[in-house]
Amino acid sequence: MCVIYLEFALQEVFMRQILSVSLFSLLATGALAGTFTLDSEVSAVTIYPAGATITRSMAFDLPAGRHTLVISDIPYEIFKESLRVFAPDSLALGATQIERTRIQPDVLLLEQREQLEARIESLEAQILASQEESAGVGLLISAANARIKLLETIGTQQAQGAASALENQTASVETITALVSLVGSETLSALQEAQAARVEMARINRAQQELQTALREAQEELGQLVEPSDWQDVITLDVEVGAETSGSLSVSYTHPGGEEGAGWKPVYDFHLDSDQQSLKIDRNAMVMQATGEDWENAEITLSTALPFSFESFEKPYGNRASYAPPPPPPQPLMMRSDAGTTFVAPEVVAIEEPSAMGVPNFVMQGITATYLLPTGTQLPSSFEPVQITINSASFDVEISAQANMLARTPTAFVIADFTNTSEEPYLPGQASYFRDGAFVRGGDWNDEIDLIAAGASAELEFGRINGLLLERNTLRREDGSSGVITTSNDRVEEYELSIENVSNRAWDVVIYDRVPYSEQEELVIDWSARPRPSNTDIEGQRGVMAWAFPLASGAHQNILLSYQLEWPEGNELQMR
């Protein structure tokens, strides 16, 4: 038994020696595991039309060994699936975790908030007391005014009575003088009280204005304090370092759009120069970020990608066709009255609706433009968007005055036709329009432009032209019930289009009108126009035509347009 105890004792001493040597070696080489909290800052941000990708960078100085790195200064919840870590080769990455943890309250912020709330409560109480004081002084003024009015009435009555008393010798002069003196002194006293009350009222009003100003300032200061969050995300990284090393690593993650997120939209200013026949386009971006942190030293990029659009490609589904015998006609509903008379319900007409094929969605594919903002651009967290100028470009344009003669009130508009010869597309966005330095339109949802791809052409509208007078007069409209036509399957219509230039400049005018078209062989349409239109079936729209011509200042142009329709007997003409 003693031998066994001795053996155990020797083994324990031997293991202690080994552990001591190993611990000494670990201390000498710095290979002890540890937990290190790293301070990060936002170094790069890519902002999408909705949402953003945020990159945080941090420096490290680590001894050799396996360590846990903690990043705890992220002030909001992130998408865990979007987290990416970028580390140098000197760090071997292990497990990465994101945990939600409760934030320790900022004592100074809480104290400041409590002080402001207490000050607001005190100011509101002072204002209430001042209003009550003001009401009391108002009563004094009303009472003094009532005394003055009463004394004026008494004085008038006494004056009339004094004259009669002196005449009848029923009162002495001394008595009347004393009465007048009494009324006068009381009136003076009432006037003095009213004046003193008015002075006090003015003082109270000034004090109320000062209190109201102080209350507004305190409320604004309280509103500017960022509402503290109860939770935050903490990122932990398990790393292994072969030798003592220092450097930097970064993590990136996405942040959603919305009221407390980030996003941007393009905003354009179109400047048309009529004399130079040129168009300048200022490309701007309206950027919003309300993440709760200020982006002061970050590289900020605007991207046209839509990672949060929630759109996906779907192939069309099958459309099965079949036939079946027509349904039997509806049977009349017979109803009999008390008198024995039979009524037949009217036939029900069924209205067939086309089958729903779904609403098409517009999706941009194959175009992803990014705009890197200038170095030093600062985007503080705010619910108010910030407008940033991106670039400008100039293009040659063809300017014309175009009018739709079928409008309720035909009006000509300035139209600029240009080709996007730049390498950048103009994305859908809001636009403002300036013609020769004057603002002519823009500022609401109706002024949003469609995509203008690189190399594509587009027409832009720059307001109406008051100097072009347009009329569309009906000269003739006859069918089988009127005029010289005796058949019931004919119709003739004739119009005069009138354009007069009363402006101080010449215009290249384009006038649009139309004639009916037919997809039925037996519905025959003949039309004529003098002069002939410059173009027909505009943009694939059958029957739509245009006349293009120059019109000098003071000049006038008439266009005669007529058409005749014939269709088989026994049918009715339908026009849509």
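The values are calculated or read from the model by the stated rules, or taken from the named source; none is laboratory data. Given the structure is predicted, the values throughout are model-derived calculations rather than measurements. Here Cβ is always computed from backbone atoms with ideal geometry, including for glycine, and neighbour counts include all displayed protein chains. All accessible areas refer to the heavy atoms of the entire protein, side chains included, with ligands and DNA or RNA removed. Shrake-Rupley method; radii C 1.70, N 1.55, O 1.52, S 1.80 Å.
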Considering each residue of the stretch 414-428, count those that are assigned to a strand (DSSP E or B) and open to solvent by 10 Å² or more (accessible area, probe 1.4 Å), and give that number.
3
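Could you tell me which of the residues ARG435, ARG464 is without any contact (Cβ under 8 Å) to a residue 60 or more places away in the chain and either among the acidic types (Asp, Glu) or open to solvent by 10 Å² or more (accessible area, probe 1.4 Å) (or both)? First the steps, then the outcome.
Values: ARG435 fails: without any contact (Cβ under 8 Å) to a residue 60 or more places away in the chain.
The match here is ARG464.
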Only unsatisfied item for PRO385, checking (1) outside any loop (DSSP other than H, G, I, E, B); (2) open to solvent by 30 Å² or more (accessible area, probe 1.4 Å); (3) at pLDDT 80 or above, is (3)
I'd like the full set of residues that are touching a Ser or Thr at 6+ places or on another chain (Cβ under 9 Å) and under 24 Å from THR409 (Cβ atoms), limited to the stretch 507-541.
TRP507, ASP508, VAL509, VAL510, VAL515, ALA529
When the stretch 188-205 is examined, which residues are found to be touching a residue at least 24 places away in the same chain (Cβ under 8 Å), more than 23 Å from LEU151 (Cα to Cα) and open to solvent by 40 Å² or more (accessible area, probe 1.4 Å)?
GLU200, ASN205
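Every residue, every condition in (1) under 17 Å from ALA401 (Cα atoms); (2) aliphatic (A, V, I, L, M); (3) modelled with pLDDT under 95, yes or no:
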residue	(1), (2), (3)
VAL492	no, yes, yes
GLU521	no, no, yes
ILE538	yes, yes, yes
GLY554	yes, no, yes
LEU561	no, yes, yes
GLU566	no, no, yes
GLY570	no, no, yes
MET575	no, yes, yes
Note on the stretch 389-413: residues part of a strand (DSSP E or B), of a type in the set (A, V, I, L, M) and over 28 Å from the mean Cα position of the chain (by Cα) are VAL397, ILE399, ALA401, ALA403, ALA412
State yes or no: is LEU123 part of a helix (DSSP H, G or I), at pLDDT below 85 and of a type in the set (A, V, I, L, M)?
no
Exactly one of these conditions fails for ASP89: (1) under 27 Å from ASN297 (Cα atoms); (2) at pLDDT 65 or above; (3) surrounded by 12 or more Cβ atoms within 10 Å (Cβ to Cβ). Give me its number.
(3)
Output for the stretch 442-455, where each listed residue is open to solvent by 50 Å² or more (accessible area, probe 1.4 Å), within 18 Å of the chain's Cα centre (by Cα) and at pLDDT 85 or above
ASP450
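Take the stretch 496-518 and flag every residue that is part of a strand (DSSP E or B) and open to solvent by 10 Å² or more (accessible area, probe 1.4 Å). First the steps, then the outcome.
At the first step, the residues of the stretch 496-518 found to be part of a strand (DSSP E or B) are 496-501, 507-514.
Within the stretch 496-518, GLU496, SER498, GLU500, TRP507, ASP508, VAL510, TYR512, ARG514 meet the criteria.
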Kindly check whether there is at least one residue in the stretch 538-551 that is without any contact (Cβ under 8 Å) to a residue 60 or more places away in the chain, surrounded by 11 or more Cβ atoms within 10 Å (Cβ to Cβ), among the polar types (S, T, N, Q) and outside any loop (DSSP other than H, G, I, E, B).
no
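When residues of the stretch 206-219 are filtered for being open to solvent by 60 Å² or more (accessible area, probe 1.4 Å), within 22 Å of GLU133 (Cα to Cα) and without any contact (Cβ under 8 Å) to a residue 60 or more places away in the chain, how many remain? Show your work before the answer.
Let us first name the residues in the stretch 206-219 that are open to solvent by 60 Å² or more (accessible area, probe 1.4 Å), namely 206, 209-210, 212, 216-217, 219.
Add one more test, that the residue is within 22 Å of GLU133 (Cα to Cα), and what stays is 206, 209-210, 212, 216.
Checking which are without any contact (Cβ under 8 Å) to a residue 60 or more places away in the chain leaves us with 206, 209-210, 216.
Of the residues in that region, 4 qualify.
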